[in-house]
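The next block holds one structure in the form of structure tokens; read it before the comments.
The values are calculated or read from the model by the stated rules, or taken from the named source; none is laboratory data. Predicted model, so just to flag it, every value in this text is computed and none were measured. Cβ atoms come from the backbone with ideal geometry, glycine included; neighbour counts cover every protein chain shown. Each accessible area value is taken on the protein alone, full model and side chains, heavy atoms only, with ligands, DNA and RNA left out. Shrake-Rupley method; radii C 1.70, N 1.55, O 1.52, S 1.80 Å.
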Amino acid sequence: MTFWRSLFVAASLLAAPISLAHAQTPTAVKAKNVVLVHGAWADGSSWSEVIPILQAAGLNVTAVQNPLGSLAESVEATKRVLAEQDGPTVLVAHSWGGTVISQVGTDPKVTGLVYIAARAPDANEDFVALSKQFPTGPARAGIVEHDGYTKLSEDAFLKYFANGVKPEQAKELYAVQWPTAASIFAGRTTEAAWHSKPSWYAVSKKDGTINPDFERFLAKRMNATTIELDAGHLSLVSHPKEVANLILEAAGYPRS
């Protein structure tokens with residue numbers, strides 16, 4: 001074999017894996033169902049602006065009433081809802097709910113994970129320590145604890161947790177905020193489903209609860225398809241169309 005022919009063959013062999021990898025890029029699996037997991041100091045009604053958009057697209061939608069008493073309880077509540085789904089399902093979480101879907105998302109039914117201004121811990125990670133590498137959001141100063149459960153003060157809730165939400169709507173959300181066990185924030189997952197499942201992330205650029213740069217770090221770490229919204233922590237309330245469109249993309253549906 002001549003030198004030039006040898007060089008051509010070697011170059012072809014080097015190029016082949018690159019072309020093959022590109023050809024095998026996975027496509028999104030079309031989901032039938034969406035399961036929504038709310039975060040701390042909230043309940044399932046926080047998804048009320050997003051749900052109609054997803055239903056209008058033809059998806060079966062269920063919002064978990066996350067008990068927020070412990071990580072184990074929240075995981076079991078989400079597993080029960082997931083068990084009722086009859087096919088491919090996208091798991092979506094807001095805020096602390098990201099911890100839950102990171103644990104539960106390894107279920108074979110789950111085709112994708114969507115994080116909305118959410119936590120995304122790695123397995124056995126000290127997430128509290130990780131979060132301290134970024135400035136603390138001002139909402140944290142408004143945490144009030146009683147008998148092991150926490151709520152946000154009205155001032156902190158309206159100014160920093162629900163910033164960007166219409167004032168009358170923010171007050172309604174404050175009225176239904178669910179007491180959250182202080183212990184759940186240190187809870188560690190044993191799984192990190194985002195290592196094996198396609199992920200999407202919506203960063204809230206004006207978030208006063210989770211630092212936006214921390215959100216960007218988490219999204220980049222999981223190699224998530226990422227959008228940035230000009231919103232506070234409750235982007236699912238203030239920007240429901242954008243949030244719903246991200247979920248629709250993850251479910252393999254056209255945007256609304």
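In plain terms, if you count all Cα to Cα distances in the stretch 79-133 and split them into 5 Å steps from zero, the share in each step is 4, 20, 27, 22, 14, 7, 4, 1, 0 percent. In order along the stretch 93-100, the phi-based Karplus estimate (6.51 cos²θ - 1.76 cosθ + 1.60, θ = phi - 60°) of 3J(HN,Hα) comes to 9, 10, 6, 4, x, x, 4, 5 Hz; Gly and Pro are listed as x. Annotation: amide H-H contacts under 5 Å for Tyr149 (H modelled 1.01 Å from N, sequence separation of 5 or more, or interchain): Ala182.
Computed from the C-beta positions of Gln65 and Asp213, the FRET efficiency with R₀ = 35 Å rounds to 0.65.
In order along the stretch 139-145, the phi-based Karplus estimate (6.51 cos²θ - 1.76 cosθ + 1.60, θ = phi - 60°) of 3J(HN,Hα) comes to 4, 4, 5, x, 6, 10, 10 Hz; Gly and Pro are listed as x.
Once C-alpha pairs closer than 8 Å and six or more residues apart are averaged by separation and normalised to the residue number of the chain, the relative contact order reads 24 percent.
By the equivalent-ellipsoid construction on the alpha carbon gyration tensor, the stretch 108-173 comes out with semi-axes of 26, 19, 13 Å, ordered largest to smallest. Antiparallel beta bridges, as assigned by DSSP with both residues in the stretch 98-256, represent about 40 percent of the total such bridges.
Could you size up the charge dipole of the stretch 80-191 around its Cα centre, putting +1 on the beta carbon of Lys and Arg and -1 on that of Asp and Glu, and report it in debye to the nearest 20? If you can, show how the numbers build up before the last one.
Working: 10 positive and 13 negative charges, 51 e Å.
I would put it at about 240 debye.
Ranked from largest, the principal axis spans of the Cα set of the chain equal 81, 41, 33 Å. Computed from backbone phi, the HN-Hα couplings of the stretch 43-53 come to 9, x, 5, 5, 8, 5, 7, 7, 3, x, 5 Hz, rounded to whole numbers (Karplus: 6.51 cos²θ - 1.76 cosθ + 1.60, θ = phi - 60°; Gly and Pro given as x).
Put simply, the amide H of Val114, placed in the peptide plane, has neighbours under 5 Å in Leu91, Val92, Ala93, Trp200, leaving out anything fewer than 5 places away on its chain.
Here the Gaussian network model covers the chain, with springs between Cα atoms less than 10 Å apart; of Glu215, Glu145, Glu172, Glu172 fluctuates the most.
Over all directions, what mean area does the Cα convex hull of the stretch 109-256 project, stated in square nanometres?
Quarter of the Cα hull surface area: 9.4 nm².
Only helices enter the 222 nm calculation for the chain: every DSSP H run of n ≥ 4 contributes -39,500 (n - 2.57), and dividing by all residues gives -10000 deg cm²/dmol, rounded to 500. Just the number please: accessible area per residue for the chain, 1.4 Å probe, all protein chains included, in Å². Each residue of the chain exposes 47 Å² on average to a 1.4 Å probe.
How would Thr78, Thr225 line up by accessible area, probe 1.4 Å, largest first? Intermediate results must be reported in sequence, preceding the final value.
Numbers: Thr78 0, Thr225 60 Å².
I get Thr225, Thr78, largest accessible area first.
Other residues with beta-carbon under 13 Å from the beta-carbon of Trp194 carry, at +1 per Lys or Arg and -1 per Asp or Glu, a net charge of +1.
Close Lys pairs in the stretch 92-195 (alpha-carbon distance under 29 Å; sequence gap of 8 or more, or different chains): 6. If you take the Cα centroid of the stretch 137-193 and the Cα centroid of the stretch 100-115, the two points sit 23 Å apart. Between Lys171 and Tyr149, what is 0.36 nm times their sequence separation minus the Cα-Cα distance? Round to one decimal in nm. Separation in residues times 0.36 nm, less the Cα-Cα distance, equals 5.9 nm.
Look at the dipole of the chain built from charges on Cβ: of Ala139, Phe185, Ile53, the Cα furthest out on the positive end belongs to Ile53.
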